[in-house]
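Here's the structure, in structure tokens; my notes come after.
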Amino acid sequence: MRWEIPVVTDELAARGGAGTEVIDAAHERVLGEDWHLGVVLTDLPLRIGRRPVVADASATHGVAVVSLPALGAVQMRRRARDAVVRLVDGLVGESLELGGLEGGERRQRVRRRLHEIARAERTLRPDDDDVDVRLVAAVVRGNARLLAGMLRANRPWRLIARLSRALAAAGAAGVFALLTAEVWDLAAALSPWRLGALSVISMAAVVVFLILVHGLWRRRPAAAGREQAILFNVATTLTLTIGVASLYCALFVIALGVGELMLDHRVVSGSIGAPASFATYLKIAWITSSLATVAGALGAGLESDAAVREAAYGYRPERETERERETEQTG
């Protein structure tokens, strides 16, 4: 048997927050393209109750859904490949072996064939008629792995690099601070403890500023979505924290290198009233990085909300918010 495997990118996963809705959307695509099977790989975190959903499979629809964040941040490619192979094997095997069998017998056979993928997960008996097998992870370990997978999908270390105005503001502030004698004097006078506290305060202020200005904090008072909202907010906070910390480290390295090359030893010594050592240049780079990071946040404040969300998220949580607003309006 020869296989043709077209790979397409579609936003069907954003149409629903549940695996059944993704299966329905994928089933429409399968019928429209005249495919035999469909496998959806999505960055959308799927949950049922408190448990993350690793995969949903429907032999009736010929569709399987794999939630990539639920696979974690380590060896995700291998886990996703193994999951797809086993899911396809189960779906194809059932379509060839069961023929016209339907109902409970088909569901039991599908569950047995696909159960091997659940070595680290548990097989949950679905309440949905469209789902034959639902693989869920343990509550604590599964949510930790889901959070790590969401962070990996967001790629927080690339956050500020995607925001041109933030980079421009950080660069301009860094150059100004690095060449200002008052900054040298202040850096030489501050102790490492105070400089460290300034670093923490500046990065925390930037994270809070970005969340508040661009409306990244998700509010969901309903009990059904409270845990999902908490997970989303934790992922948002960690994504921004890692992104801002990456910017801070990059600015520190650049400021230290430029300071060593451009700042004359005698000029700095004359300004601070003491011989300038390598520790002095470290302190100057330290405080320069803090000031430049805050300036970068002010630059990010000038970015549009859409640009910040595009930079911060590997998936589109704002689409879920739009659907919730539509549901509240219609309800």
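The values are calculated or read from the model by the stated rules, or taken from the named source; none is laboratory data. Since the model is a prediction, treat every value here as computed from it, not as a measurement. With ideal geometry, Cβ positions are generated from the backbone for all residues, glycine too; neighbour counts draw on all protein chains shown. These area figures cover heavy atoms from the full protein model, side chains too; ligands, DNA and RNA do not enter into them. Shrake-Rupley method; radii C 1.70, N 1.55, O 1.52, S 1.80 Å.
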Calculated from backbone phi, Karplus (6.51, -1.76, 1.60) coupling profile of the stretch 57-64 in Hz, x at Gly/Pro: 9, 10, 5, 5, 8, x, 9, 10
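Give the ranking of F209, F176 by solvent-accessible surface, highest area first, calculated with a 1.4 Å probe.
Highest to lowest solvent-accessible surface, that is F176, F209.
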Residue-wise HN-Hα coupling along the stretch 148-161, computed from phi with Karplus coefficients 6.51, -1.76, 1.60 (Hz; x: Gly, Pro): 4, x, 5, 5, 5, 5, 6, 6, x, 5, 9, 4, 5, 4
Estimated distance in nm for a label pair at T241 and V258, the labels positioned 7 Å out from Cα along Cα-to-Cβ: 2.9
Theoretical FRET efficiency, 1/(1+(r/R0)^6), r = Cβ-Cβ of R50 and A204, R0 25 Å, to 0.05: 0.30
Ordering of 228-238, 300-310 by packing [mean C-beta count within 10 Å, highest first]: 228-238, 300-310
Net length gained if the chain between L302 and R158 were fully extended (0.36 nm per residue, minus Cα distance): 50.0 nm
FRET efficiency for A279 and E28, using Cβ-Cβ distance with R0 set to 56 Å, rounded to 0.05: 0.30
